[in-house]
Amino acid sequence: MSLIQQHSGVPWDGPTVDTFKAGDPDTAVTGIATTMMATFDVLKRAAANHANLIITHEPTFYSHEDQTESFKAANDAVWREKERFIKDHQLVVWRFHDHWHTRRPDGILDGMTHALNWQEYQRGDAPNLFVLPQTTLRELAKNIQERIGIKVLRVVGNPNLQVIKVALAPGASGTQRHLEFLRRDDVEVLVIGEVPEWETIEYVSDAAAQGRKKALILMGHIPSEQAGMASCAEWLKTFISQVPVVFVPTAEPFWVP
């Protein structure tokens with residue numbers, strides 16, 4: 001953790017969720033696994049790969065702050081089995097969210113930009129904005145789905161809309177952030193991870209119904225940030241050589257019947 005702080009290039013102070021979430025921080029590290037979300041499936045695959053330090057971008061225990069008091073009080077079976085697995089396999093879970101985002105370039109955005117192969121279209125003055133070759137909304141969505149390998153991708157807007165101006169906001173940056181992008185004349189399509197359906201989704205639906213040149217692509221939270229944690233593993237390898245470092249992808253939870 002000290003090495004990560006030293007190499008992060010950003011101040012490490014103030015309130016943060018980038019803390020230990022489970023396990024004993026004094027555990028001897030045998031291997032490191034970066035992941036988008038420390039799901040039970042990810043923990044099992046990391047342990048099988050002899051990686052006992054799991055660096056996760058998103059929460060382990062079902063809330064942003066990883067609060068577990070209510071699960072303890074309810075003697076929740078799902079939480080209890082996950083806790084037991086971590087203890088039995090001597091795993092340590094540490095979250096790397098705030099400071100990976102505040103790096104320049106943003107570690108998640110940079111990883112996703114490369115995964116989409118949009119580097120040459122990225123605006124130098126605004127890294128979340130891209131000017132792509134002209135295409136339809138339908139073709140843009142299909143291209144994103146194929147490049148990232150998304151099973152369930154959702155789109156709001158006219159499928160035949162001709163677009164070139166795209167904003168990429170991975171994860172769940174919130175409706176206010178989404179609206180800041182959508183109100184811009186240089187954004188025709190906003191690509192996000194997720195949002196409540198009565199917020200940004202309804203806004204874009206209304207905008208499209210009014211004939212405005214606005215559209216929304218929802219990748220799902222995990223696919224929208226996953227490549228950023230794959231690049232995190234490569235970044236760690238530049239200054240950690242004592243133990244193996246691997247990336248363990250988080251499975252997309254959704255499927256189409």
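Below, the figures for the structure above:
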{"read-out": "Overall form of the stretch 179-219 per C-alpha gyration tensor (a/c, 1.5; a/b vs b/c)", "value": "oblate"}
{"read-out": "Loop-resident sites, the stretch 151-257, for chymotrypsin sites (Phe, Trp or Tyr not before Pro), counting at most 11 other Cβ within 10 Å (DSSP)", "value": "TRP198, PHE239, TRP255"}
{"read-out": "Three-way shape call for the stretch 2-103 based on the alpha-carbon gyration tensor, with the a/c threshold at 1.5", "value": "oblate"}
{"read-out": "Length-normalised contact order of the chain in % [C-alpha pairs under 8 Å, at least 6 apart]", "value": "23"}
{"read-out": "The stretch 220-240 residues near the modelled VAL256 label - backbone nitrogen below 14 Å, point 7 Å along Cα→Cβ", "value": "none"}
{"read-out": "R0 of 30 Å, Cβ-Cβ distance SER241-ALA77: FRET efficiency to nearest 0.05", "value": "0.15"}
{"read-out": "Nearby lysines by direct alpha-carbon distance to LYS44 (threshold 16 angstrom, same-chain neighbours under 8 apart not counted)", "value": "LYS82, LYS87"}
{"read-out": "Residues with amide H under 5 Å from that of VAL191, placed H, sequence gap 5 or more", "value": "ALA167, LEU168, ALA169, ILE217"}
{"read-out": "From the C-alpha gyration tensor of the chain, square roots of 5λ in Å", "value": "34, 21, 16"}
{"read-out": "For the stretch 102-116 versus the stretch 213-257, the gap between their alpha-carbon centres in whole angstrom", "value": "11"}
{"read-out": "Amide H contacts of GLY31 (H built 1.01 Å from N, under 5 Å, at least 5 apart or other chain)", "value": "ASN52, LEU53"}
{"read-out": "Overall dimensions of the stretch 142-257 by Cα: Rg and Dmax, Å", "value": "16.5, 58"}
{"read-out": "Burial order of peptide ranges 172-178, 190-196, 63-69 (average beta-carbon count within 10 Å, highest first)", "value": "190-196, 172-178, 63-69"}
{"read-out": "Residue-wise HN-Hα coupling along the stretch 127-136, computed from phi with Karplus coefficients 6.51, -1.76, 1.60 (Hz; x: Gly, Pro)", "value": "x, 7, 10, 9, 10, 8, x, 4, 7, 8"}
{"read-out": "Estimated FRET transfer efficiency when R0 is 35 angstrom, pair GLU139-PHE40 (beta carbons, to 0.05)", "value": "0.40"}
{"read-out": "Karplus (6.51, -1.76, 1.60) ³J(HN,Hα), θ = phi - 60°, over the stretch 149-155, in Hz, Gly and Pro reported as x", "value": "x, 9, 6, 10, 10, 10, 9"}
{"read-out": "Candidates ARG103, ARG84, ARG45: whichever shows maximal mean-square fluctuation once the chain is modelled as a Gaussian network with Cα springs under 10 Å", "value": "ARG84"}
{"read-out": "Trypsin sites (Lys or Arg not before Pro) within the stretch 130-167: DSSP coil, no more than 13 neighbouring Cβ in 10 Å", "value": "LYS151"}
{"read-out": "Mean Cα-pair separation over length for the stretch 147-232, i.e. relative contact order, pairs under 8 Å, 6 or more apart, %", "value": "38"}
{"read-out": "From phi via Karplus (6.51, -1.76, 1.60), per-residue ³J(HN,Hα) for the stretch 68-76 in Hz, x at Gly/Pro", "value": "10, 4, 5, 5, 5, 4, 8, 6, 4"}
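Throughout, read-outs are computed from the coordinates displayed, never taken from laboratory work. Keep in mind the model is a prediction, meaning the values are calculated, not measured. Here Cβ is always computed from backbone atoms with ideal geometry, including for glycine, and neighbour counts include all displayed protein chains.
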